[in-house]
Amino acid sequence: MSEHESAAAPTQPSTPAPKRVSVFKTILLIFGTGVAVFLGVVALQPSEFRITRSTTIAAPAEEVFAQVNDFHNWEAWSPWAKLDPTAKSTFEGPPSGTGAVFKWSGNEQIGEGTMTLTESRPTDLVAVKLEFVKPFAGTSTAEFTFQSQGEKKTFVTWSMSGHNDFLSKAVCLFMNMDKTLGGQFEQGLASMKSVVEGAHK
């Protein structure tokens, strides 16, 4: 064979094509399995959630009840009110009690949504429907119960419950919602306690 013919001879690829395809299939299989496992774990998360916190306030039940039954009072103790001082808020319906509506729109920390007071039983219960628009759409229910402990003490419980959709279930894998929201409830109840007890002195 001449020198020219030798130079023109075709060269063999360093990695056979079938091997590259095999590696690619293996990567896809591993990725697909990982996704399937993740989706399965998310699907197994609880479909419902409930967060509850309580405290005792040194004041009559009617005074504690008044702080919750009127959305105008929430700014003084709500844990979210201070996160965005420039947030836009509007009030609709009656000034307090069943049918009162509060709408807010703020930064990423508080998002956007509506609260509607759906049930009001003096010195006993306040129920609120929460409809979130941002950062995630969703609906939940908040309840405040009040139990008199003598003439000058009230045991108040703040709870929130609702349905976990797929996105909420996925978020719960990386964030402890009870610890996060529960901590905010604790802050709110502590602020309410300070406001009510301060006014009661």
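The values are calculated or read from the model by the stated rules, or taken from the named source; none is laboratory data. What you are looking at is a predicted structure, and each value in this text was computed from that prediction instead of being measured. Please note: Cβ atoms are built from the backbone with ideal geometry, for glycine as well, and neighbour counts cover all protein chains shown.
Part of a loop (DSSP other than H, G, I, E, B), over 19 Å from the mean Cα position of the chain (by Cα) and buried (at least 17 other Cβ atoms within 10 Å of the Cβ): is that true of S120 in this structure?
Values: part of a loop (DSSP other than H, G, I, E, B): no; over 19 Å from the mean Cα position of the chain (by Cα): yes; buried (at least 17 other Cβ atoms within 10 Å of the Cβ): yes.
Considered against the rule, which asks whether it is part of a loop (DSSP other than H, G, I, E, B), over 19 Å from the mean Cα position of the chain (by Cα) and buried (at least 17 other Cβ atoms within 10 Å of the Cβ), S120 comes out as no.
If I ask for residues that are small (G, A, S) and either assigned to a loop (DSSP other than H, G, I, E, B) or at pLDDT 95 or above (or both), which ones from the range 76-117 would you list? Write out each step before concluding.
Keep residues of the range 76-117 that are small (G, A, S), which gives 76, 78, 81, 87, 89, 93, 96-97, 99-100, 105-106, 111, 113.
Hits for the range 76-117 are S78, A81, A87, G93, S96, G97, G99, A100, G106, G111.
Which ones in the range 79-128 are touching a Gly at 6+ places or on another chain (Cβ under 8 Å) and of a type in the set (A, V, I, L, M)?
L83, A87, A100, V101, L117
So, in the range 118-148, exactly how many residues are out of contact with any helix residue (DSSP H, G or I) (no Cβ under 9 Å at 6 or more places or on another chain) and at pLDDT below 90?
Number satisfying all stated conditions: 7.
Need the failing condition index for R53 against (1) loosely packed, with under 10 Cβ neighbours inside 10 Å; (2) modelled with pLDDT of 95 or more, just the number.
Unmet condition: (1).
Could you tell me whether any residue of the range 154-161 is loosely packed, with under 13 Cβ neighbours inside 10 Å and either modelled with pLDDT of 95 or more or assigned by TED's automatic domain parsing to the domain that holds R53 (or both)? Write out each step before concluding.
Filtering the range 154-161 down to residues loosely packed, with under 13 Cβ neighbours inside 10 Å leaves none.
No; the residues of the range 154-161 include none that is loosely packed, with under 13 Cβ neighbours inside 10 Å and either modelled with pLDDT of 95 or more or assigned by TED's automatic domain parsing to the domain that holds R53 (or both).
Say whether the condition of being outside any helix (DSSP H, G or I), modelled with pLDDT under 75 and loosely packed, with under 15 Cβ neighbours inside 10 Å is met by at least one residue in the range 177-197.
no
Those residues that are surrounded by 13 or more Cβ atoms within 10 Å (Cβ to Cβ), farther than 23 Å from K193 by Cα and not polar (S, T, N, Q), I need them from the range 70-98; list them, please.
A87, F91, G93, P94
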